[in-house]
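Remarks on the structure that follows.
The values are calculated or read from the model by the stated rules, or taken from the named source; none is laboratory data. Predicted model, so just to flag it, every value in this text is computed and none were measured. Counting neighbours? That spans all protein chains shown, and the Cβs are built from the backbone with ideal geometry, glycine included. For the accessible areas, the whole protein counts, side chains as well, though only heavy atoms, and no ligand, DNA or RNA atoms are used. Shrake-Rupley method; radii C 1.70, N 1.55, O 1.52, S 1.80 Å.
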Amino acid sequence: MQQHFSLADCDVVGFDLDHTLCRYHLPQSARLIYDSFAQYLVTEKGYDEDLLILAPDSLDFCCKGLVLDIEEGNFLKLAEDGTVLRASHGTKSMTSEEILEIYGRREWKHFNTVSGMVSRTAKYYLYDNYFDLPGALLCARVVDSLDQHDGQKKYDFWKDMVAAIQHNYKISAFKEDCGTYFPEVKTHPDKYLQRCPESVKKWLKQLKNAGKILLLITSSHSDYCRLLCEHVLGNDFEEYFDILITNALKPGFFSHTPNQRPFRTLENDEEQEALLSLDKPGWYSQGNAIQLFDLLKKMTGKLDPKVVYFGDSMHSDIFPARHYSNWETVFILEELLGDKVTVPAKAESEPLEKKGKYEGDQLKAPYFLSKQWGSFFMDRVPGLENAEETLVHTWSCKCISTYSTIAIPSLEAIADLPLDYRFTRFSSNSSATAGYYPSPPRALLPNEESVTMK
């Protein structure tokens, strides 16, 4: 495979929506998601009301790439070889000795399944995107609460957590104003959604003018997609794309055979009859990558059109698009901003009683840097006293260089580049930092460990 990647060589440019084209104000949306799940557990399932109270710095617990070992109530950060680098029981960090006692220096027992990108089973759950992450903190606090009251050894709360997620995010929730999440975003979109920078809008038009076919493929339902797109791109958002696919249910969109998920047309955001094939550009629901690719062949007049897909979830976007469809993939990774962000001095603002429900505690920025869990990219192998410590890549970091073509912090980071700009791609024969643009994370650079690993 060639060493460089260029958008100019691609015939089709596809985008995920949430946290890719539409970026959120993370501290605010994290608080809202946490509250959405917590309200349900407390009011519908009888969990402790203390779960509704959230200390301003508690979202520090949220870190992409964590795996919840459901039966044990433990959260794990894994090394690239599947060993456990850090762990917590509930919210409480475990010592090196406790980690070694429970997990040893061997591959975690479910690593084989999780590294095949199976993100959820009855035994574990992988947290890999910002919609899920606040749920990690809630589950950890549920474990704390159960320990305090019942002294449990095996945990059985997960079915209630799944019910909370389904209640808030189900397809009809937006229309029915059900749950906490959608009604709040509808009422205060500016509080949660960042408008798309002019540079990105211009870049999308530039791609289209250069003859590229533009796709939007999102697992969000069409009504929520419309709200987001109108808010971040404008009322003319449909003009940016040739094909819009909502309720795509990724990663299944990429991995299932055509007869499992047919495309459906939409009328007033209601799904209509199933289509036998996809014949023309437009807005569709559900579907699968195989029939989409047949349409792209027709539209480009090429037997093997080259597709690139931009997304923020390794599990739903990057891995399946690369593994099943053999598309180029650009990973949107806000963690790459971590080195650059300084926490602003606390500004005095309105008194608390004047603030809205979700504004009271100004959560600490940046949301994507966790003191408790350390670097997303590297960590030290837990050593017992006097043992030599060694630095290793995290499993999350290994996935990036394995499945993405390049990784960028945001679309804005590349919007001003010429379309024929040649990016150095990740490849097994280049350095571990090659595919990061505009620069690799500091944790991966030599002599920087002391800065990021404290």
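Wholly within the range 180-236, which helices (runs of 4 or more DSSP H) include no fewer than the required count, namely at least 3 residues that are open to solvent by 50 Å² or more (accessible area, probe 1.4 Å)?
Qualifying helices (runs of 4 or more DSSP H): 198-209.
Quick check: anything in the range 166-174 in a helix (DSSP H, G or I), touching a residue at least 60 places away in the same chain (Cβ under 8 Å) and within 24 Å of V42 (Cα to Cα)?
Scanning the range 166-174, I find at least one residue that is in a helix (DSSP H, G or I), touching a residue at least 60 places away in the same chain (Cβ under 8 Å) and within 24 Å of V42 (Cα to Cα), so the answer is yes.
Looking for something in contact with an Asp or Glu (Cβ under 6 Å, 6 or more places away or on another chain), modelled with pLDDT of 95 or more, open to solvent by less than 40 Å² (accessible area, probe 1.4 Å) and not in a strand (DSSP E or B) - is there at least one such residue anywhere in the range 414-423?
Within the range 414-423 (the criterion being in contact with an Asp or Glu (Cβ under 6 Å, 6 or more places away or on another chain), modelled with pLDDT of 95 or more, open to solvent by less than 40 Å² (accessible area, probe 1.4 Å) and not in a strand (DSSP E or B)), the answer is no, since none of the residues qualifies.
Can you find a residue that is of a type in the set (F, W, Y) and free of Cβ contacts under 8 Å to residues at least 60 places away in the same chain anywhere in the range 185-195?
no
Every residue, every condition in (1) open to solvent by 10 Å² or more (accessible area, probe 1.4 Å); (2) assigned to a loop (DSSP other than H, G, I, E, B); (3) modelled with pLDDT under 95, yes or no:
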| position | (1), (2), (3) |
| --- | --- |
| T265 | yes, no, no |
| S277 | yes, yes, yes |
| S285 | no, no, no |
| L292 | no, no, no |
| L296 | no, no, no |
| P305 | no, yes, no |
| I318 | no, no, no |
| D339 | yes, yes, yes |
| A347 | yes, yes, yes |
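For M1, state whether it is among the hydrophobic types (A, V, I, L, M, F, W, C) and modelled with pLDDT under 95.
Considered against the rule, which asks whether it is among the hydrophobic types (A, V, I, L, M, F, W, C) and modelled with pLDDT under 95, M1 comes out as yes.
Could you look through the range 386-413, keep only residues that are of a type in the set (D, E, K, R) and out of contact with any helix residue (DSSP H, G or I) (no Cβ under 7 Å at 6 or more places or on another chain), and pick out the one that is least open to solvent (accessible area, probe 1.4 Å)?
The qualifying residue least open to solvent (accessible area, probe 1.4 Å) is K398.
Pull up the range 116-171, narrow it to residues that are touching a strand residue (DSSP E or B) at 6+ places or on another chain (Cβ under 6 Å) and among the aromatic types (F, W, Y), then point me to the one that is farthest from A55 (Cα to Cα).
The selected residue is Y124.
Restricting attention to the range 88-132, and to residues there that are in a loop (DSSP other than H, G, I, E, B), surrounded by 15 or more Cβ atoms within 10 Å (Cβ to Cβ) and of a type in the set (S, T, N, Q), which single residue is nearest to the chain's Cα centre (by Cα)?
N129
Would you please name the residue that is nearest to the chain's Cα centre (by Cα), looking only at residues in the range 7-61 that are assigned to a loop (DSSP other than H, G, I, E, B), surrounded by 20 or more Cβ atoms within 10 Å (Cβ to Cβ) and among the aliphatic types (A, V, I, L, M)?
L17
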